[in-house]
Amino acid sequence: MSGYMGFVGVSTAQSSIMNVFPIWAEILGLPTRTLIGHDLPVDATPQEYRRLVEAIRDDPDHRGALVTTHKMGLYAAASDLFDSLDEFSTLCGEISSISKHDGRLIGHAKDPITAGLALGEFLPADHFGRTRAHAVCLGAGGAGTALTWNLAERDDAPELIVVTDTSRERLDHLRGVHERRGTPGGLIRYVLAANPADTRDVFAAAPQGSLIVNASGLGKDRPGSPVPDGTRFPEQSYVWEFNYRGTLEFLGQARAQETASDLVVVDGWRYFIHGWSRVIAEVFGVRLTEELVARLSEAALASR
């Protein structure tokens, strides 16, 4: 066995993958059991991103890496260092997977795929067409970009996708992604959440059965929730917390209303499983099957 894989994040040592990776490596027959964390602050500089990508590229023992939190920042600062980028990466402006094949540094944006896989496990395939419900995505960063891409591409797309963020710059970036993709005009509404009332208004306008997703990073990278305390979730909505670890305030808010409002509340565990398994498969050239992903999921659950 030789080499190692990397994990680019903010607090990588706290992630379950540090315990899970050696177990998965055994199941998949990978050439290494070692995963190393590359921690960068949320406000990392372009120079920090470039130094990290160059270190991964130039180290023959470094097989590749999964990128979380820093997907958009890393793309903006270091995309020119890659020999190849996939369509999702160039159009979304993010990199979530770094791999090396035949001496070439390759970047992928796997999140639109993994978001769809995880979403399909709890949301009925005909949900939006049957209910005419909306989708509300709290956060216009990398995770929100991936989710809205997937939702817009669904055969059963929502009638309206509302995206909120506290940053006009992130909202403008997301709007540009969808314009380049050719997403139908009017399908997505971009809302600057400058104060708590803006988010409350979005929730009040969302019909019952809507999909409500925390893609903001709050509750994991930083404590807090994008939803003001006391806000009512739409009745019978599907509430998805992208995170599975951290302070998870948003998840707590949803669970407090789960019974009274007949909510379906889902955390980010399966998103974590699909996200990591897809990147590991890319880095090591593994072909994933449903049966293999099921084995990986069972092993991960057993190690929690």
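Read the figures in this text as sums done on the coordinates, not as results from a lab. Since we're looking at a predicted model, the values are computed, not measured. Cβ sites come from the backbone with ideal geometry, for glycine too, and all protein chains shown count toward neighbours.
Which order do the peptides 223-236, 200-213 take when ranked by the mean count of other beta-carbon atoms within 10 Å per residue, highest first? Could you put the intermediate results ahead of the total?
Working: 223-236: 16.5, 200-213: 19.3.
Descending mean neighbour count gives 200-213, 223-236.
Distance from the C-alpha centroid of region 251-291 to that of region 202-222: 16 Å, rounded to the whole angstrom. Taking the charge dipole of the chain about its Cα centre, with +1 at Lys and Arg Cβ atoms and -1 at Asp and Glu Cβ atoms, the residue from 35, 97, 142 reaching farthest to the positive side is 35.
Among the lysines, which fall within straight-line cross-link reach of residue 100, defined as a Cα-Cα distance under 24 Å, with same-chain neighbours fewer than 8 residues apart omitted? Correct list for residue 100: 71, 110.
Evaluate the relative contact order of region 113-267 (contact order divided by residue number), counting alpha-carbon pairs under 8 angstrom at least 6 apart; express in whole percent.
Numbers: 285 pairs, mean separation 32.9, N = 155.
It rounds to 21 percent for region 113-267.
Size of the chain: Rg and Dmax of its alpha carbons, in Å, are 18.9, 56. Sorted largest first, the spans of the alpha carbon positions of region 188-252 along the three principal axes are 29, 26, 25 Å. Taking amide H as placed 1.01 Å from N in the peptide plane, the amide H of residue 211 sits under 5 Å from that of 134, 135, 136, 238, each at least 5 places away or on another chain. Among residues other than residue 173 with Cβ under 14 Å from its Cβ, the summed charge is +1 (Lys and Arg +1, Asp and Glu -1). Computed over the chain, relative contact order equals 15 percent, with contacts defined as Cα pairs under 8 Å that lie 6+ residues apart. Phi angles of region 201-206 translate, via the Karplus equation with coefficients 6.51, -1.76, 1.60 and θ = phi - 60°, into HN-Hα couplings of 5, 4, 5, 5, 8, 6 Hz per residue; Gly and Pro are given as x.
Among 286-299, 20-33, the peptide with the highest mean count of other Cβ atoms within 10 Å heads the list, and the full ranking is 20-33, 286-299.
Over all other residues within a Cβ to Cβ distance under 15 Å of residue 125, the charged ones net out to -3, with Lys and Arg as +1 and Asp and Glu as -1.
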